[in-house]
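No value in this document is a laboratory result; all are computed from the given coordinates. What you see is a predicted model; the values in this text were computed from it and never measured. Quick reminder, even Gly has a Cβ in these numbers, built from the backbone with ideal geometry, and neighbours come from all protein chains shown.
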Amino acid sequence: MKPLRFTCVLLALASLAAAQEPAATDADAKAALDSWNEAAKIGTDEAKEMGIEKLAACRHAMTAAKLGWLATVESEDLRVACAKALGKMGGFADAAKALHGAIKANEANKKVHGAIFDAIADVNHPSSVAVCKDWASDRVSHRDWEDVPIITAAIEALGGLKWKSAVEALLDLWQKNKVVDRKSDGFRSKVRSACSQALRRLTGEKLGNLDEWEGWWKAEKGKLREDLTPR
């Protein structure tokens, strides 16, 4: 169990660092938004990228909302840049909310979609657990092979969300995608494999089948706080 304990210490330090970041003021946010507006007037990707960097440097509800909106209307590369910018706002609820709002608009673009889920993991807000789980569950129910990349992106994001609820979400997704019939096994095996890999990433453990994971979690979960740090 040592890998999980070591990971938890690192997570605690990272969370403390994020919490100590100074909050931006309304004036700071207005200045960052003004910088974006000037960049938009110039209109080049280079100018817009600089404007996005200004927004990213300002941890504020208004700048997060702006980046979330831009992640639905700009070019592919700029949408990716906006997602990455939001991902820099670790632990910030408004950044998570902005990313959640950009998921549906980008479901047809796997590159942007992947960047959004990567950023969701980077922000690491607990509200994202239900969003990622529900998204994966909904797409799995369609049994469309073309959805596999966006399903696995959501599951991989769960593997980056350092919360007890993320472990439980992954175990639940795995349980619900056990073999029902051979016709669906190929599709569902992709989901199970993604859950296994996400659990390994999240916990540092290298267990095998679902029974092993559930047994391990039953023994370990009482020893951990909600953020997976030791009690």
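Laid out as a table, the results:
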read-out	value
Label zone at GLU46, where the point sits 7 Å out along the Cα-to-Cβ direction: region 69-90 residues whose backbone N lies under 17 Å	78
Descending Cα extents along the principal axes, region 191-230, whole Å	27, 17, 15
Amide hydrogen neighbours beyond the local backbone of LEU224, cut-off 5 Å, H modeled	ARG231
Highest-first arrangement of 166-175, 80-89, 134-143, where packing means the average Cβ count within 10 Å	80-89, 166-175, 134-143
Over region 126-231, equivalent-ellipsoid semi-axes from the Cα gyration tensor in Å	24, 15, 10
Efficiency of FRET from Cβ geometry, ASN37 and ASP227, R₀ 41 Å, rounded to 0.05	0.65
Paired Rg and Dmax values of the chain, which use every Cα atom, in angstrom	18.9, 60
Burial ranking of peptide ranges 220-227, 103-110 (average Cβ count within 10 Å, highest at the top)	103-110, 220-227
Alpha-carbon gyration tensor eigenvalues x 5, square-rooted, for region 100-187, Å	21, 17, 9
Debye equation applied to the C-alpha atoms of region 22-112, log10 I(q)/I(0) at 0.13, 0.16, 0.19 Å⁻¹	-0.37, -0.56, -0.78
Segment LYS111-ASP77, length gained on full extension (0.36 nm per residue, minus Cα span)	11.3 nm
